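Shown next, in structure tokens, is the structure this report addresses.
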Amino acid sequence: LLYHLANLLLFIIMFFLMIRRPPRSTLFPYTTLFRSRLSADIAFLGSEGIDPQRGCFAEDVETARIAERMATNARQVVIVADSSKLMKTGLARYAEMEQIDILITDKGAAPAVIKKLAARGTRVNCV
């Protein structure tokens with residue numbers, strides 16, 4: 001069982017791993033090939049910026065395209081981002097707030113921002 005779980009984890013990493021090299025990100029080349037064919041029960045996505053009115057943003061267009069496809073193909077979308085990303089935007093939007101089911105952030109999130117996100121239908125968990 002552990003062998004199969006390790007292989008599954010390796011598969012996930014191979015297609016979704018991002019190698020960050022400032023100032024730009026390099027994405028695994030096969031990610032774009034498979035992004036339209038993969039689906040998920042839950043998509044855990046990061047974000048460079050989260051604006052209650054405008055949605056979730058990525059730092060580059062390619063990352064946004066992948067995140068957008070995964071958000072579209074998932075039954076549930078969970079954004080994981082620290083509170084410094086709240087009330088900010090990025091280069092490319094990949095989801096409107098109505099598409100985001102849950103935001104997991106830290107306890108530094110301002111209550112007023114949490115209230116705005118909740119008004120858009122996003123449940124916010126501060127950990």
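Throughout, read-outs are computed from the coordinates displayed, never taken from laboratory work. Please read these numbers as outputs of a predicted model, since none were measured by experiment. Ideal geometry is used to build each Cβ from the backbone, glycine not excepted, and the neighbour counts take in all protein chains shown.
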Q | Radius 13 Å from Cβ of E96, net charge of other residues (Lys, Arg +1; Asp, Glu -1) | A | -1
Q) Under a plain spin-label model, where a point goes 7 Å from the Cα along Cα-to-Cβ, how far apart in nm are A118 and F44? A) 2.5
Q.
Under the rule of at least 5 residues apart or a separate chain, name every residue whose amide H is placed under 5 Å from the amide H of A74.
A. A40
Q. Of the peptides 101-109, 67-75, how do they stack up when ordered by the mean number of other Cβ atoms within 10 Å, highest first?
A. 67-75, 101-109
Q. Where does each of 59-65, 43-49, 110-116 land if you order them by average Cβ count within 10 Å, highest first?
A. 43-49, 59-65, 110-116
